[in-house]
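First the structure, which I've put down as structure tokens, then a few questions once you've had a look.
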Amino acid sequence: MKVLLGVLAVIVLLVLVLGGSLVGSRNELVTEKNAVDGAWAQVDVALQRRADLIPNLVETVKGYAAQETTIFTEIAKARSALIGAKTPADKIAANGSLDSALSRLLVITENYPQLKSNENFLRLQDELAGTENRIAQERRSYNNTVQDYNTYIQLFPNSVIAGMSGFTKNDAYFKADEGSRTAPKVNFNPPAQTTPAAATPAH
């Protein structure tokens, strides 16, 4: 009888330990998933901030470069795709297109000296650059959080618990190079004029 009770006690203890481990792993999975969602929310806020700046920026550029219709159309389509995207993966893809279009727009402004001295354009360009820096920071944080989550669910026995609980790998990464997230540096100051050296009088 004592042996039977001892065996039962060991079984109960193992069940409690295993159950506690499963519950702990399940809770950690929830924590990791919530961290990913929170990191993405910060990215989304920054992306929305930039999307809000774009219409005023485009309208200002149009005042000096109305003929650049192709780039304006590309930006409008990319912005609409970003705003209409429902999932992080879709937004990341749409954001890549918007990055490319905005880069071309800012390069085009080099051809319009009067635009580059427009106070409203300068202010909007500064705000855009600040927003780009914020996006870059939040993107790095998001990617790191996703990587931590993916690593956790791939470890045993977390992988088993994740499969049983419906947690799957997150493939919605920002995969572009770091440089593509930074607004092109546009020089609004004309190069300094070099004064020719005075000619040496002939003797």
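So if each residue of separation counts as 0.36 nm, and I subtract the Cα-Cα distance between Ala129 and Ser141, what length gain in nm does that give?
Taking 0.36 nm per residue and subtracting the Cα distance, the gain is 2.4 nm.
While we're on this one: Put a dot 7 Å past each Cα toward the Cβ at Met1 and Glu59; how far apart are the dots in nm?
Each label point is offset 7 Å from its Cα along the Cβ direction, giving 9.0 nm.
Give the aspartates and glutamates reachable from Lys86 as a straight Cα distance under 17 Å; neighbours fewer than 8 places away on the same chain don't count.
Asp37, Asp44, Asp171
With 22 Å as the limit, write out which pairs from Lys33/Lys77; Lys91/Lys175; Lys62/Lys91; Lys33/Lys175; Lys77/Lys116; Lys91/Lys116 have Cα-Cα distances beyond it, or answer none.
Beyond 22 Å between Cα atoms: Lys33/Lys77; Lys62/Lys91; Lys77/Lys116; Lys91/Lys116.
Grab the Cα-Cα distance for Val107 and Ala93, subtract it from 0.36 nm times how many residues apart they are, and report the gain in nm with one decimal.
2.8 nm
From the backbone phi of the range 145-150, what are the Karplus-calculated ³J(HN,Hα) couplings (6.51 cos²θ - 1.76 cosθ + 1.60, θ = phi - 60°) in whole Hz, Gly and Pro given as x?
Residue by residue, the range 145-150 yields 5, 5, 4, 4, 4, 5 Hz.
Can you tell me how much longer the chain between Asn120 and Lys169 gets when fully stretched, taken as 0.36 nm per residue apart minus their C-alpha distance, in nm with one decimal?
13.2 nm
Expressed in whole Å with the largest first, what are the equivalent ellipsoid semi-axes of the range 24-181 derived from the C-alpha gyration tensor as the square root of 5 times each eigenvalue?
Listed largest to smallest, the semi-axes of the range 24-181 are 39, 14, 11 Å.
Can you bin the range 87-139 into rounded, prolate or oblate? Criterion: square roots of the alpha carbon gyration tensor eigenvalues sorted a ≥ b ≥ c, rounded for a/c under 1.5, prolate for a/b above b/c, oblate for the rest.
oblate
Every read-out reported here was derived from the displayed coordinates using simple, explicitly stated rules and does not represent laboratory data. Remember, it's a predicted structure, so these values are computed and weren't measured experimentally. Positions of Cβ are backbone-derived with ideal geometry, glycine not excepted, and every protein chain shown enters the neighbour counts.
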